[in-house]
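Taking it in order: structure first as structure tokens, then the write-up.
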Amino acid sequence: MLVAARANGTTAVATLALGTALFLFWHTFEPAYDTAFAAAGRGPVFYPRILLAIIIALAATIVLQSLFQAPRGQASRQPADMAPDNAGWRALPALLAAIALTAGYVMAFSAAGYLLSTIVYALLLPLVFGHRNPLAIGTFALSYALATWYLFEKVFLIILPKSPWFAAF
Amino acid sequence: MDAALLGLDLVLNWQVLLAVTLGTALGVAVGVLPGLGSVVGITMVLPFTLTMGQIPAIALLLGIYCGSVYGGSITAIVINTPGTPQAAATALDGYPMAARGEADLALGWATAASLAGGLFSVMVLMLAAPQLAAFSLNFTSIEYFALGVFALICIAQVSRGSLLKGLLSGAIGMFIATIGVDQVTGDMRFTFGNFQLSAGISLIPAIVGLFALSEMFVRVSERYAPAVRTDFRIGFKIPGWHAWRPRLLLLLKSCSIGSFIGALPGTGAATSAFISYAEAKRSSPNRERIGKGEPDGIVSAESANNAVTGSALVPTLALGIPGDPVTAVMLGTLVVQGITPGPRLFTDQLDIVYAIFLILIAANLVMFAVGALGAQAFTRILRVPQGLLMTGVVVIALLGAYGVRGNPLDLIIALAAGVVGFVMRKTGFPIAPMVIGMVLSPMIENALRQSLLLTRGDFWAFFDRPIALGLFVLTAFVLLWPLLSLARARLRGTAPPLQSRPGGEE
């Protein structure tokens with residue numbers, strides 16, 4: 001199962017790379033790039049075109065290779081291989097929550113300021129890991145966010161984003 | 001001599017000594033924790049380096065580098081879980097020794113061998129880097145183009161996963177580096193009207209995402225995996241001279257293997273440790289006992305992996321070409337600090353070069369002291385709940401991503417790179433070639449375009465220059481090596497399966 005999943009994942013990643021590279025290769029022929037003829041005809045998209053051609057060739061080869069190897073991978077399906085896969089599926093909601101939480105943190109970093117966003121993030125992310133000690137999480141979130149904020153803002157004098165509600169942080 | 005004294009003067013102040021001590025201690029701590037390696041350790045301290053002076057910042061980074069390579073051996077010995085891939089070979093003999101009650105002695109062997117390997121590699125760096133820098137003054141853009149392509153192909157070849165996946169990862173990294181303003185014509189490339197993208201995709205946020213964030217996502221996705229055992233007590237005991245004397249030749253050989261392999265692009269400490277271990281298993285008088293708790297196994301692996309630390313800096317400092325993601329991050333940080341590695345560093349800023357040599361020596365000595373005094377204390381870090389630990393790592397790494405340019409877009413880049421890194425790790429695409437591709441791409445592009453101007457567009461003229469021709473031949477050999485191996489194996493009737501190497505994180 002793990003081999004098959006990896007083969008499917010490989011196919012998906014290579015297909016995505018192939019599609020994106022094909023689109024970008026087509027994009028390099030847009031009129032916007034025709035304005036520059038510097039460097040003896042080797043303008044801004046000369047080098048990227050070479051890279052995109054290489055990506056297309058490599059991605060297409062990997063897709064074909066993984067498609068032809070997929071039946072062999074599925075043939076090796078064993079009951080013992082199911083355990084890590086099941087564990088992986090069980091953790092999928094937590095994984096999606098971690099990605100969503102980090103995306104929210106990244107957005108809130110500028111909008112709500114470093115200190116407030118970090119306190120909230122440090123309160124919630126340990127829960128995603130299955131940590132269930134509210135006192136430890138609360139102490140950690142407050143002390144870690146405050147300590148890093150003080151260190152960077154006051155000691156290293158690196159200006160961190162501030163919230164729109166408080167002048168100091 | 002004046003430059004050496006100036007270098008000593010740069011190092012002998014409390015900020016540098018504090019930075020190298022704290023850096024090494026933090027490096028050991030990061031190395032102890034399975035999953036967090038040298039790259040994550042370095043990205044964690046990036047925000048601190050932004051306001052530090054040049055030399056203290058370098059001291060902090062080099063301390064973490066040396067400390068983290070060594071730190072992995074502690075958990076490898078004590079709980080049979082290498083903290084870093086570099087220490088995987090150490091576990092083969094370290095853990096059996098610990099299992100029969102000799103953990104203190106195994107740690108003593110590992111720490112002393114690491115010190116010997118580290119100091120040996122500094123000597124290699126001191127001797128080889130100036131020579132290579134002087135030699136590279138003869139290089140034109142054609143040689144740099146050939147060298148860049150060779151380095152990238154090597155890294156793609158030796159990365160975990162298949163060669164095709166490594167090459168694709170490297171090519172994607174190279175392409176990502178082309179986003180933004182074209183340095184030659186000033187045109188925007190692939191920004192799709194987004195002004196913020198005109199400055200390009202910054203390396204540090206990409207590395208923070210690819211390594212630190214992806215590690216957090218991987219850990220969340222494996223939260224139902226069995227927990228690592230953390231209840232143990234260990235000591236520290238240095239083996240006597242009588243035990244060392246029969247192993248001096250092995251130590252010298254392992255240091256040489258580690259230093260040689262470390263200077264090659266892409267190979268790194270894990271490869272050198274396993275090659276050195278294999279050599280010890282082949283040639284050691286105690287080879288029958290290797291793998292069952294024999295100190296020869298620990299000495300060969302640990303001296304070789306630490307011998308990489310100095311020699312990996314040879315191409316980084318002399319040519320400005322990093323050999324692995326760790327030296328790539330260091331290269332990026334040096335540039336942020338106003339230091340441009342390359343041949344001119346050895347003519348214009350020789351005092352800084354000497355300061356780097358001295359800092360590496362100091363870092364290795366501190367590493368020994370930290371290992372001897374605090375091995376037990378460092379294993380306590382394993383007791384910190386994973387959720388709290390990873391939150392701390394991610395927050396500080398994202399601060400590093402933000403702090404370089406103060407641009408919120410860099411946080412989005414880090415997040416996107418984190419998701420990409422997670423998917424790549426889960427599907428067996430290596431991350432290292434992508435990072436090295438991002439670092440080398442601007443150099444390769446400039447060299448290619450300059451070379452084509454020099455040769456008036458004649459690509460075949462690249463092969464007229466002997467050094468470049470030699471590098472192209474080497475590149476072709478490295479690329480064709482898997483096919484040659486397969487053909488040879490088929491002739492012998494022992495052909496391996498097509499996807500024989502497992503994928504995974506670096």
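B:GLY53 passes all but one of (1) within 14 Å of chain A (Cβ to nearest Cβ); (2) touching a helix residue (DSSP H, G or I) at 6+ places or on another chain (Cβ under 6 Å); which number fails?
In the conditions (1) within 14 Å of chain A (Cβ to nearest Cβ); (2) touching a helix residue (DSSP H, G or I) at 6+ places or on another chain (Cβ under 6 Å), B:GLY53 misses (2) alone.
Does any residue in the stretch B:174-203 that is of a type in the set (Phe, Trp, Tyr) come within less than 6 Å, Cβ to Cβ, of a residue that is outside any helix (DSSP H, G or I) six or more places away or on a different chain, and which pairs are these?
What qualifies is B:PHE190/B:ILE179.
Just to be sure, is B:THR185 within 28 Å of A:LEU64 (Cβ to Cβ), at the interface with chain A (Cβ under 9 Å from one of its Cβ atoms) and not in a helix (DSSP H, G or I)? Even if it seems obvious, please write down each step before you answer.
On the way: within 28 Å of A:LEU64 (Cβ to Cβ): no; at the interface with chain A (Cβ under 9 Å from one of its Cβ atoms): yes; not in a helix (DSSP H, G or I): yes.
The answer is no for B:THR185.
What is the number of the single condition among (1) surrounded by 12 or more Cβ atoms within 10 Å (Cβ to Cβ); (2) at pLDDT 80 or above; (3) over 30 Å from B:GLY406 (Cβ atoms); (4) more than 10 Å from every other protein chain (Cβ to nearest Cβ) that A:GLN74 does not meet?
Every listed condition holds for A:GLN74 apart from (2).
Residues are listed down the side, and each one gets a yes or a no for (1) among the hydrophobic types (A, V, I, L, M, F, W, C); (2) at pLDDT below 85; (3) in a helix (DSSP H, G or I):
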position	(1), (2), (3)
B:LEU6	yes, no, yes
B:ALA19	yes, no, yes
B:LEU26	yes, no, yes
B:VAL40	yes, yes, yes
B:PRO56	no, no, yes
B:ALA59	yes, no, yes
B:LEU62	yes, no, yes
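Restricted to the stretch A:34-53, and to residues that are assigned to a helix (DSSP H, G or I) and at pLDDT below 80, which residue is nearest to the other protein chains (Cβ to nearest Cβ)?
Start the filter on the stretch A:34-53 by keeping residues that are assigned to a helix (DSSP H, G or I), which leaves A:34-35, A:46-53.
If we keep only those that are at pLDDT below 80 too, we end up with A:34-35.
Working: A:ASP34: 10, A:THR35: 7 Å.
Out of the qualifying residues, it is A:THR35.
Which members of the stretch A:111-169 meet the condition of being facing chain B (nearest Cβ under 9 Å), assigned to a loop (DSSP other than H, G, I, E, B), over 13 Å from B:GLY387 (Cβ atoms) and of a type in the set (Phe, Trp, Tyr)?
The one that is facing chain B (nearest Cβ under 9 Å), assigned to a loop (DSSP other than H, G, I, E, B), over 13 Å from B:GLY387 (Cβ atoms) and of a type in the set (Phe, Trp, Tyr): A:PHE156.
Kindly list the number of the only condition in (1) at pLDDT below 95; (2) under 22 Å from the mean Cα position of the chain (by Cα) that fails for A:ALA59.
(1)
For residues in the stretch B:158-182 being among the polar types (S, T, N, Q) and not in a helix (DSSP H, G or I), which is farthest from the other protein chains (Cβ to nearest Cβ)?
Residues of the stretch B:158-182 among the polar types (S, T, N, Q): B:159, B:162, B:169, B:178.
With not in a helix (DSSP H, G or I) added as a condition, the list becomes B:159, B:162, B:178.
Values: B:SER159: 14, B:SER162: 8, B:THR178: 5 Å.
Only one residue tops the list, namely B:SER159.
Might you check whether a residue that is in contact (Cβ under 8 Å) with a residue 40 or more places away in the chain, in contact with a Leu (Cβ under 7 Å, 6 or more places away or on another chain) and not aromatic (Phe, Trp, Tyr) occurs anywhere in the stretch B:79-86? Walk me through it before giving the result.
Narrowing the stretch B:79-86 to residues in contact (Cβ under 8 Å) with a residue 40 or more places away in the chain: B:79, B:81-86.
Checking which are in contact with a Leu (Cβ under 7 Å, 6 or more places away or on another chain) leaves us with B:83.
Subset that is not aromatic (Phe, Trp, Tyr): B:83.
Checking the stretch B:79-86: at least one residue is in contact (Cβ under 8 Å) with a residue 40 or more places away in the chain, in contact with a Leu (Cβ under 7 Å, 6 or more places away or on another chain) and not aromatic (Phe, Trp, Tyr).
Among the helices (runs of 4 or more DSSP H) lying completely within the stretch B:371-463, list those that include at least 1 residues that are polar (S, T, N, Q), within 11 Å of chain A (Cβ to nearest Cβ) and surrounded by 20 or more Cβ atoms within 10 Å (Cβ to Cβ).
On the way: elements: B:386-403, B:408-426, B:432-454.
Output list reads B:386-403, B:432-454.
List pairs: first residue in the stretch B:423-437 and under 22 Å from B:VAL220 (Cβ atoms), second residue assigned to a helix (DSSP H, G or I) and among the acidic types (Asp, Glu) anywhere in the structure, Cβ distance under 9 angstrom, at least six positions apart or on different chains.
Listed by first residue and then by second, the contacts come to B:ARG425/B:GLU215.
Can B:ARG219 be described as at pLDDT 85 or above, over 28 Å from B:VAL326 (Cβ atoms) and within 10 Å of chain A (Cβ to nearest Cβ)?
No, not satisfied.
The values are calculated or read from the model by the stated rules, or taken from the named source; none is laboratory data. Keep in mind that this is a model prediction, so the values were computed, not measured. When we count neighbours, we look across all protein chains shown, and the Cβ atoms used for this are built from the backbone with ideal geometry, even at glycine.
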